[in-house]
1. Only one of Val67, Val89, Val97, Val46 is assigned to a helix (DSSP H, G or I), out of contact with any Leu (no Cβ under 9 Å at 6 or more places or on another chain) and modelled with pLDDT under 85; which?
2. What pairs come up if the first residue lies in segment 109-138 and is farther than 15 Å from Glu68 by Cα and assigned to a helix (DSSP H, G or I), the second is at pLDDT 75 or above and of a type in the set (Phe, Trp, Tyr), and their beta carbons are under 6 Å apart, counting only those six or more places apart or on different chains?
3. Kindly indicate which of Ser84, Ser94, Ser30 is under 27 Å from Ile118 (Cβ atoms), of a type in the set (Gly, Ala, Ser) and not assigned by TED's automatic domain parsing to the domain that holds Thr120.
4. Consider His112 carefully, then state whether it is modelled with pLDDT of 85 or more and touching a helix residue (DSSP H, G or I) at 6+ places or on another chain (Cβ under 7 Å).
5. Can you tell me which residue is surrounded by the most Cβ atoms within 10 Å (Cβ to Cβ) among those in segment 1-28 that are modelled with pLDDT under 85 and part of a helix (DSSP H, G or I)?
6. Taking the stated definitions as given, is Phe76 assigned to a helix (DSSP H, G or I), touching a residue at least 12 places away in the same chain (Cβ under 8 Å) and more than 26 Å from Asp4 (Cβ to Cβ)?
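The values are calculated or read from the model by the stated rules, or taken from the named source; none is laboratory data. These numbers were taken from a predicted model, which means no experiment stands behind them. Glycine also receives a Cβ, built like all others from the backbone with ideal geometry; neighbour counts cover every protein chain displayed.
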Amino acid sequence: MRQDFMHACQIEKIKLMWLLLDCPTRWNTSYLMLERVFRYRQPFEVVLRGCKQLNRLVLNDDELKVVEDLLFLKPFLDVTKMMSSGKYVGMSFSAAVYIILYKHLETFQASHSGQNVILTVASAAMEKFNKYYRSSDAMVYVMGLRPPARVSQSCRNG
């Protein structure tokens, strides 16, 4: 099967990279594993379709869409890496991260319609941000950072 996968990657002109294993204690390994599956979906499908026992594991369009939607978590991975590698993570850095994630969730919600699990998760995260943002809005201003306009507006009206 390894040879089949290598050959499928050559045909698709994709640099060969193996699957990543999930580590239950680190959420980012789950994200990285799904990202790799999505990026290498064509070679994986070739290999899975070529093996009778694995044929049932080929992702259908709906399952592929869920994996693709999960890639909306990339900014969370990026800020996790930034915060994990920082020697001194202060309030101003945390506030900047908060604003980055808030804007990402806001943009994601605005660009996606309908009802799916990922949109529900994004909405729940926005609700959580809005709940706690009221109490931290003044601190962000003190640190010299400008919060997203929609949140700032709701706090003044609220």
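1. Values: Val67 fails: out of contact with any Leu (no Cβ under 9 Å at 6 or more places or on another chain); Val89 fails: assigned to a helix (DSSP H, G or I); Val46 fails: modelled with pLDDT under 85.
Only one candidate passes the filter, namely Val97.
2. Partner pairs satisfying both residue conditions: Phe129/Tyr102.
3. Values: Ser84 fails: not assigned by TED's automatic domain parsing to the domain that holds Thr120; Ser94 fails: not assigned by TED's automatic domain parsing to the domain that holds Thr120.
Criteria check complete, one pass: Ser30.
4. Details: modelled with pLDDT of 85 or more: no; touching a helix residue (DSSP H, G or I) at 6+ places or on another chain (Cβ under 7 Å): yes.
Answer is no for this residue.
5. Our first condition is that a residue be modelled with pLDDT under 85; within segment 1-28, this holds for 1-2, 18-28.
From what's left, part of a helix (DSSP H, G or I): 2, 27-28.
On the way: Arg2: 9, Trp27: 14, Asn28: 16.
Among them, the one singled out is Asn28.
6. On the way: assigned to a helix (DSSP H, G or I): yes; touching a residue at least 12 places away in the same chain (Cβ under 8 Å): yes; more than 26 Å from Asp4 (Cβ to Cβ): yes.
Judged against the criteria, Phe76 is a match.
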